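Chemist: Can you read through this structure? Questions will come right after.
The values are calculated or read from the model by the stated rules, or taken from the named source; none is laboratory data. What you see is a predicted model, and the numbers here were worked out from it, not measured in a lab. Every residue, glycine as well, gets a Cβ built from its backbone with ideal geometry; the counts of neighbours run over all protein chains shown. Note: accessible area is taken over every heavy atom of the protein model, side chains too, but ligands, DNA and RNA are not part of it. Shrake-Rupley method; radii C 1.70, N 1.55, O 1.52, S 1.80 Å.
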Amino acid sequence: MTKSSSSKSNNSEQSLDLTDIEKRVCWLVKVPKYVADRWDRAPGRIEVAKLKIAKHDRKKPEVSLKLSEAALALKEPDEQDIPEEHKLDYSTVAHQTIGVFSESDKKGNLNLCMEGKIVTKMECRPNGDDKYMQLKMESIREAAIPTRKTIQLETFVQTYKPVSNHKYNIEYAEKKKLEGKKMRGNKDTVLSIIFKAFESHQYYNIKDLVKKTNQPVGYLKEILNEVCNYNVRNPHKSMWELKPEYRHYD
């Protein structure tokens, strides 16, 4: 197995070649993250692993993966050694279509080609040797380290500046200032707005009437009590309705 580098074009013009759409491609292999990390570090086109297939009579072939010395050597400082031998458990792909695609840049255009359909999926698993057990123990230890912890300060933090007024308080005050205090309007004018509103709907709650008239709640309720009834029972509980003598409907 080899790792090769590829370049991608930013050109938006693309074409997809489906000539080999029915071609059957053997394997789609899922490898552990620590293996994928080593392969990603491999420079250029080098051998990163070898596959070994052992066939037995009346049994499924045994497939194993052995990392190359070059791949094993690509580790960061203080990084643990990873297992060299792995086995591949495989299964047939059913009830879904998985494809393999390649790309090539020709005359400034990015051409995509479907190389075929995956027929077998393989899971790469370590053999459970000492290196793998040490790797798992280290990952468990790192996962147990809390991301946040409490520390005791020896001195107070001088750079901290308390906020005297929060942003949402300032925005609310500015909004109230722009809206201004609701002033009592002429009673006849308010009544005209109320009657006009009830031409569209039979029932209103107090909030909607405040928005329509732009009047203080207390003053508005005084006027509503003269020309409206307040419902205290369902189905129109807490809603205002014109008194029968002011209605324009039956």
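Chemist: Roughly how many debye, to the nearest 20, is the charge dipole of the range 184-246 about its Cα centre, given +1 on each Lys and Arg Cβ, -1 on each Asp and Glu Cβ, and no other charges?
Modeler: 260
Chemist: Consider a paramagnetic label point 7 Å from the Cα of ASP20 along Cα→Cβ; state which residues of the range 61-100 have an amide N under 20 Å from it.
Modeler: In the range 61-100, the label zone of ASP20 (backbone N under 20 Å from the point 7 Å along Cα→Cβ) covers 93, 97-100.
Chemist: What length, rounded to one decimal in nm, is gained on full extension from LYS196 through to GLU79, with 0.36 nm per residue of separation minus their alpha-carbon distance?
Modeler: Once the chain is fully extended between LYS196 and GLU79, it gains 34.3 nm.
Chemist: Pick out, from VAL25, THR97, THR213, the residue whose Cα sits farthest towards the positive end of the charge dipole of the chain, with +1 on the Cβ of Lys and Arg and -1 on the Cβ of Asp and Glu.
Modeler: It is THR213, whose Cα lies furthest towards the positive end.
Chemist: Suppose every Lys and Arg Cβ carries +1 and every Asp and Glu Cβ carries -1, with no other charges. What dipole size does the range 16-144 come out with about its Cα centre, to the nearest 20 debye?
Modeler: The calculated dipole for the range 16-144 is roughly 620 debye.
Chemist: Hey, got the dipole for the chain? About the Cα centre, +1 on K and R Cβ, -1 on D and E Cβ, debye to the nearest 20? Walk me through the intermediate numbers first.
Modeler: Details: 46 positive and 37 negative charges, 163 e Å.
The dipole magnitude comes to about 780 debye.
Chemist: By how many nm would the segment from ARG41 to LYS87 grow when fully extended, if each residue of separation counts as 0.36 nm and the alpha-carbon distance is taken off?
Modeler: Contour length minus Cα-Cα distance gives 14.3 nm.
Chemist: Let me ask you something else. Ignoring any ligand, DNA or RNA, what whole percent of the accessible area of the chain comes from carbon and sulfur when the probe is 1.4 angstrom?
Modeler: 50
Chemist: Given the DSSP H assignment, sum -39500 (n - 2.57) over each helix run of at least 4 residues in the chain and divide by its residue total; what's the result at 222 nm in deg cm²/dmol, nearest 500? Mind showing how you got there, number by number?
Modeler: Numbers: 7 runs with 72 residues, N = 250.
Only helices count here, giving -8500 deg cm²/dmol.
Chemist: Okay, next question. Quick check for you: with a 1.4 Å probe and neighbouring chains kept, what is the accessible area per residue of the chain, in Å²?
Modeler: Computed with neighbouring chains in place, this is 79 Å² per residue.
Chemist: Hey, rough spin-label estimate for CYS113 and ASN186, points 7 angstrom out along Cα→Cβ, what's it come to in nanometres?
Modeler: 8.5
Chemist: Report the full-extension gain for the segment GLU103 to LYS237: residue separation times 0.36 nm, less the Cα-Cα distance, to one decimal in nm.
Modeler: Details: separation 134, 0.36 × 134 = 48.24 nm, distance 6.71 nm.
Length gained between GLU103 and LYS237: 41.5 nm.
Chemist: On to the next question. Answer with one residue from PRO244, LEU74, TYR34: the one whose Cα lies farthest towards the positive end of the charge dipole of the chain, charges on Cβ with Lys, Arg +1 and Asp, Glu -1.
Modeler: PRO244
Chemist: In whole Hz, with x marking every Gly and Pro, tabulate ³J(HN,Hα) for the range 184-190 from phi via Karplus 6.51 cos²θ - 1.76 cosθ + 1.60, θ = phi - 60°.
Modeler: Going residue by residue, I get 5, x, 4, 4, 5, 5, 5 Hz, with x marking Gly and Pro.
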